[in-house]
């Protein structure tokens, strides 16, 4: 058996979708993409944006999908939709799952965030060493107010001094599927840091190992080998109203914030629970 992914033995709580979501007659998650994001990416020739950028994003989605042939993570008929550009990111929970952009960004998210992956779901085995979140919603929001994002339509390189947007989207798609960060120092799309020299177009062994574990038969055994149930390591969390409790207190909302300085913050139920 390959080594347990470092992400599963860190203090960040594991997350996954129900495997049944990716099996059966119509498997996969339907994802929309904001029209304004596509036009922004192709601002010199907006009339062709769908055929160009839609195909590249599909390629990035397939990069994850191809790792487990028995499961289909995504549907590939991407639907361009008007971008909502809400000033309150919580409103995206009421929209179809997808990839959006924000030109104003959000008061409760760092201005230096490149993107966030926002999620909701239910705790399973809460309060035990093998607790995890069973996802039922995920969406990606790109910080369009951040000026230093470069998009390479040929997928052949990156512009020096700019962040590579395909790399960011590939990373955020990993969060969309439930992956947390690879913190062992191995090369990985899901490393906790992305800088201006980063260019990801394919997964690394650490990524392949992680996605295979969380959607494999040994998942519950592996989560039990974490250091314990999630705890808040931050004394003064931001005041973020993400709490959505039911009678059994199993509902959870949160987001993962990727900052340009390499810091990554995990928020769960309105609290900063993990920063690295």
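Observations, loosely collected:
- When 50, 109 are checked against the criterion of being modelled with pLDDT of 85 or more and on the phi < 0 side of the Ramachandran plot, 109 stands alone in meeting it.
- Residue among 177, 71 that is within 25 Å of residue 210 (Cα to Cα), over 18 Å from the mean Cα position of the chain (by Cα), surrounded by 14 or more Cβ atoms within 10 Å (Cβ to Cβ) and modelled with pLDDT of 90 or more: 71
- Of all residues in segment 74-85, those satisfying the criterion of being part of a loop (DSSP other than H, G, I, E, B), modelled with pLDDT of 85 or more and within 19 Å of the chain's Cα centre (by Cα) are 75, 76.
The values are calculated or read from the model by the stated rules, or taken from the named source; none is laboratory data. Keep in mind it's a predicted model, so treat the numbers as computed, not measured. In this analysis, Cβ positions are derived from the backbone assuming ideal geometry, glycine residues included, and neighbour counts consider all displayed protein chains.
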